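The values are calculated or read from the model by the stated rules, or taken from the named source; none is laboratory data. The structure displayed is predicted, hence computed values, not measured ones. Methodologically, a virtual Cβ is constructed for each residue, glycine included, from the backbone with ideal geometry; neighbour enumeration extends over all protein chains shown.
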Amino acid sequence: MKKNITLIAITILFPALSFGQVFLETLEGDEITLNPIGINNGAILGSLNSSEQSLQFKSVFTLPNKNGVLPNQFVTLSVKGKPSDGIATLFSGGNFNPSTAINLAYSKIHLFSDKDKADAKFIDFFTLKAGYNVNKQTLFKSDTLFKDQINDFTFEGLDLSFNYNALLSGKNLLTVSIGYAQKNNYSKLDKVEIKDFATITDSLSGTSRTYSETINGRMGNYKEYESFPFRIAYTSCPSEFKEDENKMKFGYTLYYSSEFGNNTPAHNLGALLFLTKQSEKTGIRTPVIGLGIQANDISDNLNKGNNLTKRVTFNLTTTFNLTSL
C-alpha cells in the first residue's frame with residue numbers, strides 16, 4: 001500500500017508541468033498507441049506508470065519531409081527503468097534488482113490515407129518498434145538445498161511490435177498492435193523478503209549480538225517463454241477547437257489485449273480515462289494524465305477459481321516534458 005501511495009503522490013504533482021505528446025500505456029507498461037501527430041520538433045519526454053512502477057525517458061526526433069512543411073516520419077528512442085521486485089524494495093533496506101528496457105521506434109503518418117488532403121476524414125499512421133530488456137532477478141527456492149535456495153540471475157529478452165492506427169473524423173482512433181516478445185512470469189510470482197540471521201558472541205563480556213541481511217526476491221514456479229502479444233483498442237479523442245484551447249477535456253480508451261505462444265494465454269479488458277490539454281502551437285489536443293482500470297485474465301486461464309474482483313487492477317499514468325531539442 002505504501003508503494004502505491006508514493007507513486008500516486010508523485011504522479012499527481014506532474015500535470016502542471018505536463019506539455020507535449022503523451023503515450024498512453026496499459027497496466028503492464030505497453031504503449032497502446034505512439035501518436036506522432038502534432039509533433040513538429042524534437043522533444044525529450046518522461047513518463048510515470050504507477051501500476052508497472054516504472055519511470056521512462058523518451059526522445060522524439062522528426063525526419064525531414066521533402067514533400068511538405070510538417071514532418072510525417074519520426075524516430076523515437078526510449079529508456080525505461082523499474083525495480084524488478086517493486087518500488088517497496090527501495091525502502092526495505094534489502095537488495096535492489098533493476099530492470100531496464102531500451103526501445104527504438106520508427107513512425108510514419110499516411111500508410112493508406114491521402115497525405116495531400118488537409119481536411120481528410122481518414123488519417124492513418126504506423127509504428128515499428130524494437131526493444132531489448134535486461135532484468136536482474138532473485139528467485140527463492142525453499143524446496144532445494146540450503147546453499148542453492150537463493151538464485152541471482154539476469155534475464156535478457158527481445159521485443160518487436162507493429163502498431164497500426166486509423167483516425168476517423170478526427171475523433172475516433174482505432175489501434176491494432178501485434179508483436180513478438182521473449183518474456184518470463186517473474187512479476188506474477190509472489191514477493192518474498194528473505195532474512196539471513198547471524199550471531200556473534202563477545203568473549204570478554206559474554207554478550208551475544210544477532211544481526212541480519214535482507215534479500216528481496218520472488219518465490220514460485222518460474223518460467224521463460226516466447227509470446228505473440230495482440231491488442232486492439234478504441235480511443236475517443238476530444239474535439240479540437242480554437243475557442244477551447246484553455247479548456248481541459250476528457251477522453252477515453254477501451255482495449256482488449258492478450259498474448260499467445262508457448263504459455264497459457266491471458267485475456268485482458270481495460271479502460272483509460274484521460275484528461276487532455278490543447279497545444280497553442282500545434283492545435284493538437286493531447287492527454288495530460290490518465291486513470292486506468294483493467295480486468296486481468298477475464299477467462300481465468302491462469303488462476304482457476306480466482307475471484308474476478310481480485311484480478312482487477314488500477315493505474316495512473318502521466319507524461320511530462322523535460323526539454324525541447
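At a glance:
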quantity	calculated
Those residues of the range 150-161 which are closer than 18 Å to Asp196 by Cβ and exposed (fewer than 15 other Cβ atoms within 10 Å of the Cβ), in sequence order	Asn151, Asp152
Per-region count, the range 178-208, residues of a type outside the set (Asp, Glu), outside any strand (DSSP E or B) and more than 30 Å from Asp297 (Cα to Cα)	5
Answer from Thr214, Thr199, Thr154, Thr175 - the residue that is farther than 30 Å from Ala101 by Cα and among the polar types (S, T, N, Q)	Thr199
Identity of the residue in the range 166-194, charged (D, E, K, R) and at pLDDT 90 or above, that ends up surrounded by the fewest Cβ atoms within 10 Å (Cβ to Cβ)	Asp190
Leading residue by the ranking (nearest to Ser47 (Cα to Cα)) among those in the range 293-325 that are at pLDDT 80 or above and aliphatic (A, V, I, L, M)	Leu316
Only one of Phe122, Phe112, Phe146 that is surrounded by fewer than 17 Cβ atoms within 10 Å (Cβ to Cβ), of a type in the set (A, V, I, L, M, F, W, C) and out of contact with any strand residue (DSSP E or B) (no Cβ under 7 Å at 6 or more places or on another chain)	Phe146
Filter pass, Tyr211 being without any contact (Cβ under 8 Å) to a residue 24 or more places away in the chain, surrounded by 15 or more Cβ atoms within 10 Å (Cβ to Cβ) and in a strand (DSSP E or B)	no
Matching residues, the range 124-149, being basic (Lys, Arg), closer than 26 Å to Lys195 by Cα and at pLDDT 90 or above	Lys136, Lys141
Extreme residue, nearest to Pro64 (Cα to Cα), among residues of the range 37-47 that are surrounded by fewer than 22 Cβ atoms within 10 Å (Cβ to Cβ) and modelled with pLDDT of 60 or more	Ala43
The range 214-229, subset without any contact (Cβ under 8 Å) to a residue 60 or more places away in the chain and outside any strand (DSSP E or B), residue farthest from Asp159 (Cα to Cα)	Gly220
Residues of the range 258-292 classified as hydroxyl-bearing (Ser, Thr, Tyr), under 19 Å from Leu316 (Cβ atoms) and modelled with pLDDT of 75 or more, total	1
